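Here is the structure we will look at, set down as structure tokens.
The values are calculated or read from the model by the stated rules, or taken from the named source; none is laboratory data. As the structure is a computational prediction, the values presented were derived from the model and not from experiment. All Cβ positions, even for glycine, are placed from backbone atoms using ideal geometry, and neighbour counts span all protein chains on display.
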């Protein structure tokens, strides 16, 4: 067992919460963190964070986009740009955001920076929908 802290600039989702396992969306793939994991620091990408609370068999999840993950001997600290649980999401707003991002990407009138921006928006919307569908 170890402790998980998950914070964003706007809120604290978890603070020193005892967990048995954490799966984070690292920049180049998922990291599965178990007790006694080697210390590390990693950047995170857009994806679903999963964690299993002490004594439970099912995972809880949150959609997150970009951040940092630190694994140390006492636990895991995650600082994310955004992190949301399924209960915080509005399906209609997520679908509208995905539709807008898709329309912008198909418009053919974006700069390279705007293409990257709307690709990220599309990935965030897809991740949020994935989380809602798992609920």
Residue pairs meeting the criteria (Cβ under 6 Å; at least 6 apart or on separate chains; first within 16 Å of residue 80 (Cα to Cα), in the range 29-58; second assigned to a loop (DSSP other than H, G, I, E, B)):
43/27; 45/27; 50/59
Mind counting the residues in the range 67-84 that are closer than 12 Å to residue 8 by Cβ, surrounded by fewer than 17 Cβ atoms within 10 Å (Cβ to Cβ) and in contact (Cβ under 8 Å) with a residue 60 or more places away in the chain?
2
Odd one out for residue 126, checked against (1) outside the structural domain of residue 20 (by TED's automatic domain parsing); (2) outside any helix (DSSP H, G or I):
(2)
Please determine, by comparing only the residues of the range 99-135 that are over 18 Å from residue 45 (Cα atoms) and surrounded by 13 or more Cβ atoms within 10 Å (Cβ to Cβ), which one is nearest to the chain's Cα centre (by Cα).
132
Residue 123 passes all but one of (1) touching a residue at least 24 places away in the same chain (Cβ under 8 Å); (2) in contact with a helix residue (DSSP H, G or I) (Cβ under 6 Å, 6 or more places away or on another chain); which number fails?
(2)
Do you know which residues across the range 54-66 are surrounded by 15 or more Cβ atoms within 10 Å (Cβ to Cβ), more than 14 Å from residue 130 (Cα to Cα) and modelled with pLDDT under 95?
66
